[in-house]
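Asks: Have a look at this one before I ask anything.
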Amino acid sequence: MTTNGTFHRFQGTPGYIATGPLVDAVNCAIALGRPLLLKGEPGTGKTVLARHVAEGLGMPMLEWHIKSTSKAVEGLYVYDTVQRLNDSRFGTGDVADIRHYIKLGPLGRAFAASERLVLLIDEIDKADLEFPNDLLRELDEMRFTIVETGDEIVAKERPILLVTSNNEKELPDAFLRRCVFHYIEFPDVATMRKIVAVHHPHLEAKLLDQVLIKFYWLREQPELRKKPSTSELVDWISALLRSGISQKQLEEHIPFVGALLKKEQDVDALGRYGTQGGTIPARWADLGPRYNQ
Amino acid sequence: MFLDLFYGLRDEGVPVAIQEWQAFLSALAQGLHGADLLRFYHLGRACLVKSETYFDAYDRVFARVFKGVEGQLGDEVTDRLLDWLRDAKDLPQLTPEQLAELERLTSDELMRRFLETLGEQSERHDGGNRWVGTGGRSPYGNNGTHPTGIRVGGQSRSRSAVKVAEERRFADYRTDQTLDIRQMRVALRRLRQLTRTGLASELDLDETVDETCRNAGEIELVFRPPRKNDVRLLLLMDVGGTMDPYVEPMSQLLTALHDERGLRAFEPYYFHNCVYESVYTRARMLRADAVPTADLLRRLDERWKVVLVGDAMMNPAELLQPNGNIDPRRHSKTPGIAWLHRIVEHFDRAVWVNPEPTTEWDFVQTAKIIRRLFPMFPLTVDGITEAVQALIGARV
């Protein structure tokens with residue numbers, strides 16, 4: 001972590017390969033005190049980024065995973081009415097003090113925390129269309145009032161907000177205007193080499209060449225419905241290493257294809273290659289130059 | 001020229017407002033772009049553009065505005081920048097507070113910093129690599145901890161921002177182009193009207209508390225039906241003839257709608273050219289597939305939303321004359337226009353989605369007639385979004 005007098009700067013961590021633009025976007029969001037909205041193909045590391053930002057800046061982190069039933073106010077606090085009813089019926093707990101039944105949500109805890117922290121709002125697009133709009137004021141002013149008690153919670157330190165979206169729903173303009181936006185592109189071969197090196201530092205260079213050729217070739221096949229992503233590549237390499245497969249075997253076919261392709265139709269489609277539909281390259285190594293610019 | 005970027009984006013339909021522009025200026029004032037036009041490009045994109053669908057527009061505008069800037073950051077550019085900074089007050093719709101904010105940001109300090117960094121960059125382009133790691137002599141360094149310390153990944157520096165912009169790698173994400181299924185689904189997600197009907201399976205907290213009180217403290221749980229989508233959709237699709245080129249986007253729309261499980265009810269039918277006495281359950285349109293249009297109107301009440309998809313392109317006689325149906329197997333005494341009238345009158349909301357480019361609409365006589373009956377939208381993500389809005393949004 002570097003402090004240059006004005007704000008904390010994120011510089012990436014050894015466990016996460018961040019491209020220059022991504023690092024700039026993170027720092028821009030921190031400097032402007034605005035949420036950073038992250039989009040990108042599944043498996044490009046949107047969620048993981050938050051953990052590494054927290055690690056890189058040495059701050060604690062809170063996660064708020066959004067579901068289709070999530071409501072904005074739940075992120076601030078929940079008033080557990082049912083528990084209170086229950087306690088009053090059976091004479092347990094201190095029913096007189098409503099504060100016992102107010103439980104702060106992730107956003108509420110981030111505001112109430114005594115130190116600055118990183119808050120991840122994961123998959124915000126899963127919630128109702130109006131969800132982000134309900135948080136506008138809280139995010140702008142970094143404060144909210146607990147209606148039941150009249151208590152006001154004001155953030156001492158503006159938390160660093162990272163918001164991820166999978167594009168299932170469009171987000172409202174008013175919310176977007178307050179965000180810094182970054183689209184995580186699928187890594188090119190050079191970046192992918194660095195990413196793989198983080199997870200499998202002892203992988204042989206020749207084996208990695210083979211692996212990447214097959215991986216990027218698979219991603220180019222239009223017949224496949226779900227393209228394999230970075231996390232699947234990393235898993236696949238683990239599987240290859242554990243099985244101790246030789247480079248020779250890897251040259252000839254694609255072993256453990258189930259680690260890369262998650263849809264039955266895709267595995268079937270690949271199985272039909274050669275008889276109908278696409279063609280499997282005769283010599284994989286010939287594709288090397290194409291994927292190794 | 002700076003402002004050209006702002007207005008260029010607006011002209012391209014990118015929804016960028018003064019709020020974002022201020023954020024961008026504030027980021028520049030903090031030196032987040034370093035001394036690098038490429039990072040300036042990325043910073044601008046992060047602050048001004050909020051969806052990858054607009055990245056392509058940003059690339060086009062950026063390439064246009066900053067073309068030729070690199071390598072020749074001479075007096076001319078400096079003058080233009082100075083001009084811009086002076087003209088900043090001409091920004092439209094500024095409140096006094098915003099104006100004050102803007103003036104604060106565009107103060108001499110920012111100007112000096114920006115010019116210095118750009119100037120520095122031109123040096124770099126002339127062959128030197130002097131700004132990297134020379135913390136002490138950089139323009140707004142902090143005793144050697146200059147922001148350029150954040151560089152990550154060396155390869156990006158060798159590419160120029162304008163080159164990156166000119167590559168236009170995000171052209172595929174433009175939404176005004178015809179769409180893919182995922183984008184179509186996103187557009188159709190808005191087709192929602194939530195109501196509470198059906199089985200009571202959700203705890204109604206307020207009622208539970210009230211009932212428990214009435215019950216003298218003995219807990220009385222009250223349930224209510226969860227909120228569900230109440231939208232019923234009738235889809236009528238033109239097939240064959242002039243519609244053949246549009247089989248692909250049409251089938252995507254149909255797939256996306258079939259996937260849209262949230263709908264309360266969904267019925268697709270086919271027609272050729274115009275709706276006459278019958279519509280068809282299958283695209284082959286055999287007699288066995290026919291469903292009388294009048295039956296549809298009887299069976300489906302006015303709450304059904306109607307989407308007609310077709311190019312609205314036919315011989316005027318096919319629309320306006322009795323026996324206009326060009327299919328020799330069928331006779332239709334009622335002209336097509338009358339059926340369209342009945343649809344409009346029967347249903348509360350109906351829209352027409354036209355796969356032809358909007359520029360063609362005015363040259364097709366029948367399309368002009370049909371547009372008087374139905375609001376017409378293009379078969380693109382934006383078009384579908386607007387059509388959905390017309391189906392469930394507030395009436396305008």
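Asks: Taking beta carbons within 10 Å but only from partner chains, what does the mean come to for residues B:20-31?
Replies: The mean count of partner-chain Cβ atoms within 10 Å per residue comes to 4.
Asks: Name the lysines eligible as straight-distance cross-link partners of B:Lys305: C-alpha to C-alpha under 17 Å, and not fewer than 8 places from it in the same chain.
Replies: B:Lys228
Asks: Each residue of region B:45-59 in turn: what ³J(HN,Hα) in whole Hz from Karplus with 6.51, -1.76, 1.60 and θ = phi - 60°, glycine and Pro shown as x?
Replies: Once rounded to whole Hz, the list reads 5, 5, 7, 9, 10, 10, 8, 5, 5, 9, 4, 5, 4, 4, 4.
Asks: For helix A:205-220, what angle does its Cα long axis make with the longest principal axis of chain A, in degrees from 0 to 90 and rounded to 10?
Replies: On a 0 to 90 degree scale, this one is about 70.
Asks: For a label point 7 angstrom out from the Cα of B:Arg214 toward its Cβ, which stretches of region A:71-97 have the backbone nitrogen within less than 20 Å?
Replies: Zone members listed by number: A:82, A:85-86, A:89.
Asks: Name the residues whose placed amide hydrogens come within less than 5 Å of the amide hydrogen of B:Ala350, ignoring near sequence neighbours (fewer than 5 apart) on the same chain.
Replies: The list, which skips near neighbours in sequence, is B:Val306.
Asks: Also, quick follow-up: Greater than 32 Å separation of Cα atoms is the criterion. Which listed pairs, A:Lys46/A:Lys206; A:Lys194/A:Lys226; A:Lys39/A:Lys194; A:Lys39/B:Lys67; A:Lys39/A:Lys156; A:Lys156/A:Lys227, meet it?
Replies: From A:Lys46/A:Lys206; A:Lys194/A:Lys226; A:Lys39/A:Lys194; A:Lys39/B:Lys67; A:Lys39/A:Lys156; A:Lys156/A:Lys227, over 32 Å: A:Lys156/A:Lys227.
Asks: Let me ask something else. Once fully extended, how much extra length lies between A:Gln83 and A:Leu208, figured as 0.36 nm per residue of separation less the alpha-carbon to alpha-carbon distance?
Replies: Going from the current span to full extension adds 39.4 nm.
Asks: Mind checking B:214-222 for the average number of partner chain beta-carbons within 10 Å of each residue's beta-carbon?
Replies: Taking the mean over all residues of the peptide, I get 2.
Asks: With only Lys, Arg, Asp and Glu charged, each at its Cβ (+1 for the first two, -1 for the last two), find how big the charge dipole of chain A is about the Cα centre; round to the nearest 20 debye.
Replies: Rounded to the nearest 20 debye, it is 620 debye.
Asks: Right, another one. Quick query: amide H of B:Tyr269 versus all other amide H atoms, modeled in the peptide plane; which residues come in under 5 Å with a sequence gap of 5 or more or a different chain?
Replies: Residues meeting the amide H criterion: B:Leu235, B:Leu236, B:Met237.
Asks: What shape does region B:230-392 have by the C-alpha gyration tensor, where a ≥ b ≥ c are the square roots of the eigenvalues, rounded means a/c under 1.5, and otherwise prolate means a/b greater than b/c and oblate the rest?
Replies: Here region B:230-392 falls in the rounded category.
Asks: Moving on to the next point. Lys and Arg at +1, Asp and Glu at -1: add these up for the other residues within a Cβ distance under 14 Å of A:Gln83 and post the number.
Replies: Neighbourhood net charge equals -1.
Asks: Each residue of region B:375-392 in order: what ³J(HN,Hα) in whole Hz does its phi give by Karplus 6.51 cos²θ - 1.76 cosθ + 1.60, θ = phi - 60°, with x for Gly and Pro?
Replies: x, 10, 10, x, 7, 9, 4, 4, x, 4, 4, 5, 4, 4, 4, 5, 7, 10
Asks: Determine the gain in length on full extension of the stretch B:Lys333-B:Asn315; use 0.36 nm per residue of separation and subtract their C-alpha separation, reporting nm with one decimal.
Replies: Length difference between fully extended and current span is 4.8 nm.
Asks: Assign unit charges at the C-beta atoms only (+1 for Lys and Arg, -1 for Asp and Glu), then state the dipole size of region A:189-286 relative to its Cα centre in Debye, rounded to the nearest 20.
Replies: Around 200 debye, computed over region A:189-286.
Asks: Just to confirm the number: angle between the C-alpha axis of helix A:189-199 and the first principal axis of chain A, 0 to 90 degrees, nearest 10?
Replies: It works out to around 70 degrees.
Asks: Counting only residues 5 or more places away or on other chains, whose amide H sits under 5 Å from the amide H of A:Gln221 once H atoms are built in the peptide plane?
Replies: none
Asks: While we're here: With everything on Cα atoms, drop me the angle between helix A:81-90 and the longest principal axis of chain A, reported from 0 to 90° to the nearest 10.
Replies: The two axes meet at around 60 degrees.
Asks: Estimate the FRET efficiency between A:His199 and A:Tyr273 by the formula 1/(1 + (r/R0)^6), using the beta-carbon distance for r and 25 Å for R0, to the nearest 0.05.
Replies: For R0 = 25 Å, the calculated efficiency reads 0.30.
Asks: Something else: Report Rg(Cα)/(2.2 N^0.38 Å) for region A:163-241, keeping two decimals.
Replies: Against the compact-globule rule of thumb, the ratio is 1.41.
Asks: With a cut-off of 13 Å, note down the residues of region A:95-129 whose backbone N falls inside the zone around a label point 7 Å from the Cα of A:Glu157 toward its beta carbon.
Replies: The answer is A:110-119.
Asks: Once you order the gyration tensor axes a ≥ b ≥ c over the Cα atoms, which shape class does chain A get: rounded for a/c under 1.5, otherwise prolate or oblate by comparing a/b with b/c?
Replies: prolate
Asks: Turning to a different aspect of this structure: Among A:Ser114, A:Leu171, A:Ala190, which residue has its Cα furthest toward the positive end of the charge dipole of chain A, with +1 on Lys/Arg Cβ and -1 on Asp/Glu Cβ?
Replies: A:Ala190
Asks: With each pseudo-label sitting 7 Å past Cα toward Cβ, what's the A:Thr69-B:Leu373 distance in nm, one decimal?
Replies: 4.6
Asks: If you don't mind, another one. Tell me the label-point distance for the pair A:Arg143, B:Leu205, using the 7 Å Cα-to-Cβ offset, in nm and rounded to one decimal.
Replies: With each label point 7 Å from Cα toward Cβ, the separation is 2.5 nm.
Asks: Work out from phi, with θ = phi - 60° and the Karplus expression 6.51 cos²θ - 1.76 cosθ + 1.60, the ³J(HN,Hα) of each residue of region A:61-75, listed in order in whole Hz, and give x for Gly and Pro.
Replies: 9, 10, 10, 10, 8, 8, 10, 5, 9, 5, 10, 4, 5, 5, x
Asks: Give me a single rounded figure for B:51-62: the average over its residues of other chain Cβ atoms within 10 Å of their Cβ.
Replies: Per residue, the average neighbour count from other chains is 2.
Asks: For chain A, modelled as a Gaussian network with Cα springs under 10 Å, which listed residue fluctuates most, A:Glu55, A:Glu74, A:Glu141?
Replies: Comparing A:Glu55, A:Glu74, A:Glu141 in the GNM, the peak value goes to A:Glu141.
Bear in mind these aren't lab numbers, they're just calculated from the coordinates by the rules spelled out. If you're wondering where the values come from, they're calculated on a predicted model, not measured in any experiment. Glycine also receives a Cβ, built like all others from the backbone with ideal geometry; neighbour counts cover every protein chain displayed.
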